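Worksheet for the structure shown next.
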Amino acid sequence: MRWIALHLPLLSLEAFATTLPAEQAQAPLALMDAHHITAVNAAAHALGVRANQKRATALALAPQLLLGQADAARDTEAVTAVAHAALAFTPQVCLQPPGDVALAPDTVLLEVQASLRYFGGLSALMQRLQAAVEPLGHRVQWAIAPTPLGAALLSRVHRRLHCADSAALQRALEEAPVWLLGPGRAHWEALDGMGLRTLGDLQRLPRDGLARRFGQTLLVELDRARGQRPDPREPLAWPERFASRLELFARADTTEQMLYGAGVLLVRMVAWLAARQACVRGFTLVMHHEPRWRVREGAELPLRTELSIALAEPSREAAHLQVLLRERLAALALPAPALELSLEAHDIVQAALPNGELFPTAASEREGLTRLIERLQARLGPAQVQRLRAVADHRPECASAAPPVQAGQPFAPSAPSAPSTRAARPQAAPDWAPTRPVWLMTPPEPLQGRLGQPLLDGRALQLLSGPERIEAGWWDGALAERDYFIAQAGDGALVWIYRARLPRPQHPSEQGDEGSGWFLQGRFA
């Protein structure tokens, strides 16, 4: 067996400081629980602040100390994201608590023996594993050993360590400090007074005497670390849906303040998607406001604001997803300050198998256009980005439609839609039909006439081709009977005009009443 232990020595501090402003990230920082310091960063340590100190003592040593509350649930959210990234390399992933099971896990264990051949060896797997964990923003120490507990213990005292076999593991454990074991920390003063400072010192003493003095648990953990006792591990349960929550350091009044926190959640979602070999087609960012109802200008404010993002094409690229989220957040007005953020992935699709291309294909060439459509939808709104769709109708103003681009199918071919009544279904235009302009007037502009000839801007139009007769619309009450011509204006421009053949209506309630005369339908480029 080959176990990799990823230890996060600064997990609690990093999970707390992930949404700190940049100017406060390097300030002295400490976490406390029950008025005692539990963790400090390097800046606070340099000022004399230590773990287990009282809050008053720490503030006396460093008045500028930034204090935060330790939160096991927050730490669990952060380490779970690392575990999701590890699931992309093996299904045998589990969490290791720091000796005390009451504390949040701070080490991720992977059994990778069966995955080495697929990833091209241990060195290549470690490179890819570190690249997958790096975006999560944690400092990581790792150790590789034949036993899970051995790897977990050694990762706490070594930045990088590889024990290739049991003999190397035994040598490394003999030099490891005795406080790595949970019972060793509980009896540290007694062990230190006896001169027992390493696991090798314990190993050389009579086992019966150690068991009577310090309990059997100390020997059990030592044997499990050395591989002399079974150490079964329960793999991490695979989450069917992604949901992660992040507490903001301070209340966010603007969307710009929430963008960094949302980026952290996006990176966690991407790690989860990579483990499932899936892509997201839609996700929702939820901004949680103050947990009490507040009244502003006579209206009750909501407790949460949801922002749904739909993609035109499934993706799991963090940079692309963050661009879309930034565009949507820029157009969002918050009804109240936000205290927490949560991200939920509600539309997951299986990722396509990788396919190397020697030459560009249609799918690869359209990717840039798909990304452009997604950005426009995020900035302008889904209903504002439209596509042209042909409609089976001879009337030019009814021959096309502009529906919004549907997420996931921006390039799907759209066949002309037939009229609603089967009794009157016009035939498709023949190949020899005259060229029609793209620029159509809506509605058609009436033209003046002189001696039966149409005028444009007071000058007579020269008819070049036509007539092309169109009679349609009896099935929907908008009857049109027209003779179309291509004409040339006095400045040489080509226009598309028609002469209506219907008589003017006798009553305004009559339908199909565009009347007679000349009309300008469109202009040629």
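The values are calculated or read from the model by the stated rules, or taken from the named source; none is laboratory data. It should be emphasised that the depicted structure is a prediction, and the values quoted were computed from it without experimental measurement. Heads up, the Cβs are rebuilt from the backbone with ideal geometry, glycines too, and the neighbour counts pull from every protein chain shown. Areas reflect the complete protein model, heavy atoms only, side chains present, ligands, DNA and RNA absent. Shrake-Rupley method; radii C 1.70, N 1.55, O 1.52, S 1.80 Å.
Let me spell out the model: positive unit charges on the Cβ of Lys and Arg, negative unit charges on the Cβ of Asp and Glu, origin at the Cα centre of the range 212-350. What dipole size does that give, in debye rounded to 20?
The dipole magnitude comes to about 700 debye.
Calculated FRET efficiency, Leu451 and Ala478, Cβ-Cβ r, R0 35 Å, to nearest 0.05?
It comes to 0.70.
Pop a pseudo-label 7 angstrom from the Cα along the beta-carbon direction at both Ala493 and Leu259 and give the gap in nm to one decimal.
For the pair Ala493/Leu259, the computed spacing is 4.3 nm.
Under 5 Å between amide H atoms, partner at least 5 residues away or on a different chain: which partners does Thr147 have, H built in plane at 1.01 Å?
Trp3
Which peptide among 387-394, 210-217 comes first, and what is the full order, when sorted by highest mean count of other Cβ atoms within 10 Å?
For the peptides 387-394, 210-217, the packing ranking is 387-394, 210-217.
Residue by residue through the range 309-324, what is 3J(HN,Hα) from phi via Karplus (6.51 cos²θ - 1.76 cosθ + 1.60, θ = phi - 60°)? Round to whole Hz and write x for glycine and proline.
Values per residue, Gly and Pro as x: 10, 10, 9, 6, 9, x, 8, 9, 8, 4, 5, 5, 5, 6, 4, 5 Hz.
If amide hydrogens are placed 1.01 Å from N in the peptide plane, which non-local residues have theirs closer than 5 Å to the one on Asp71?
Here nothing satisfies the definition.
For the range 4-80 and the range 382-406, what is the separation of their Cα centres, given in Å?
About 58 Å separates the Cα centre of the range 4-80 from the one of the range 382-406.
If only Cα atoms are counted, what is the Rg of the range 1-151, and what is its Dmax, in Å?
17.3, 56
Probe radius 1.4 Å, ligands and nucleic acids left out: which of Ser465, Ser155 has the largest accessible area, and how do the rest follow?
If we order Ser465, Ser155 from most to least accessible, we get Ser465, Ser155.
For the pair Arg139/Val323, report the inter-label distance in nm, with labels modelled 7 Å from Cα in the Cβ direction.
Simple spin-label model gives 3.4 nm for this pair.
For a quick check: with amide H placed at 1.01 Å from N, whose amide H comes under 5 Å from Ala336's, ignoring anything fewer than 5 positions away on the same chain?
It is none; the list stays empty.
Please report the spacing between the Cα centers of the range 144-167 and the range 219-241 in Å, no decimals.
14
Each residue of the range 255-264 in order: what ³J(HN,Hα) in whole Hz does its phi give by Karplus 6.51 cos²θ - 1.76 cosθ + 1.60, θ = phi - 60°, with x for Gly and Pro?
Values, residue by residue: 5, 4, 5, 8, 5, 5, x, 5, x, 4 Hz.
With each label point set 7 Å from Cα along the Cα-Cβ vector, what nm distance links Ser123 and Ala46?
Distance between label points: 3.7 nm.
Please check which bits of the range 106-125 a label hung off Arg171 would reach, taking the label as a point 7 Å along Cα-to-C-beta and the cut-off as backbone N under 11 Å.
No residue passes the distance filter.
Which residues does the label zone of His346 cover in the range 307-327, counting backbone N under 12 Å from a point 7 Å along Cα→Cβ?
So the set is 307-310.
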